[in-house]
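First the structure, in the form of structure tokens, and then the observations on it.
The values are calculated or read from the model by the stated rules, or taken from the named source; none is laboratory data. The model shown is predicted, which means the values in this text are computed figures rather than measured ones. Don't worry about glycine lacking a Cβ; one is built from the backbone with ideal geometry, like all the others, and counts go over all protein chains shown. Please note that ligands, DNA and RNA were not included when accessible areas were found on the heavy atoms of the full protein model with its side chains. Shrake-Rupley method; radii C 1.70, N 1.55, O 1.52, S 1.80 Å.
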Amino acid sequence: MPTAKAVDQVKGTWKVSPVIYQPNGKKIKKIKATAPGKYTVIYTAVDYEKNKAVKKIYIVIEEETFHLIDIS
């Protein structure tokens, strides 16, 4: 999972934790690489003066496909 940090010129830097949503909108703790779908990850930082920054990214897990090749 990509990490993020927020930087305030007065108060310094702090870590920002992501919130992850399944394709159906349900909030989850982590993405399973074996569960295909488009996941939404939202990072939100709020400083001491209530200024807010939001970054949304998408992670797509595709279904694994195997192709059989006849070499006989």
Discussion item. I'm trying to understand the selection: among the residues of the stretch 60-71, which are in contact with a Pro (Cβ under 8 Å, 6 or more places away or on another chain) and either aromatic (Phe, Trp, Tyr) or open to solvent by 80 Å² or more (accessible area, probe 1.4 Å) (or both)?
Written reply: 62, 63
Item to complete: Name, by its number, the condition in (1) under 24 Å from residue 60 (Cα atoms); (2) modelled with pLDDT under 95; (3) of a type outside the set (D, E, K, R); (4) surrounded by 13 or more Cβ atoms within 10 Å (Cβ to Cβ) that does not hold for residue 40.
Response: (2)
Discussion item. Considering only residues that are open to solvent by less than 100 Å² (accessible area, probe 1.4 Å) and over 16 Å from residue 29 (Cα atoms), which ones fall in the stretch 45-59?
Written reply: 45, 46, 47, 51, 53, 54
Item to complete: Specify which of the listed residues (48, 58) is of a type in the set (Phe, Trp, Tyr) and part of a loop (DSSP other than H, G, I, E, B).
Response: 48
Item to complete: Report, by residue number, each residue of the stretch 19-45 that is outside any loop (DSSP other than H, G, I, E, B) and within 12 Å of the chain's Cα centre (by Cα).
Response: 19, 20, 21, 27, 28, 38, 39, 40, 41, 42, 43, 44
Worksheet, complete the sentence: Those residues of the stretch 10-25 which are surrounded by fewer than 10 Cβ atoms within 10 Å (Cβ to Cβ), in contact with a strand residue (DSSP E or B) (Cβ under 6 Å, 6 or more places away or on another chain) and closer than 17 Å to residue 57 by Cβ amount to 15
Worksheet item: Is it the case that some residue within the stretch 26-36 is out of contact with any helix residue (DSSP H, G or I) (no Cβ under 9 Å at 6 or more places or on another chain), open to solvent by 80 Å² or more (accessible area, probe 1.4 Å) and among the polar types (S, T, N, Q)?
Response: yes
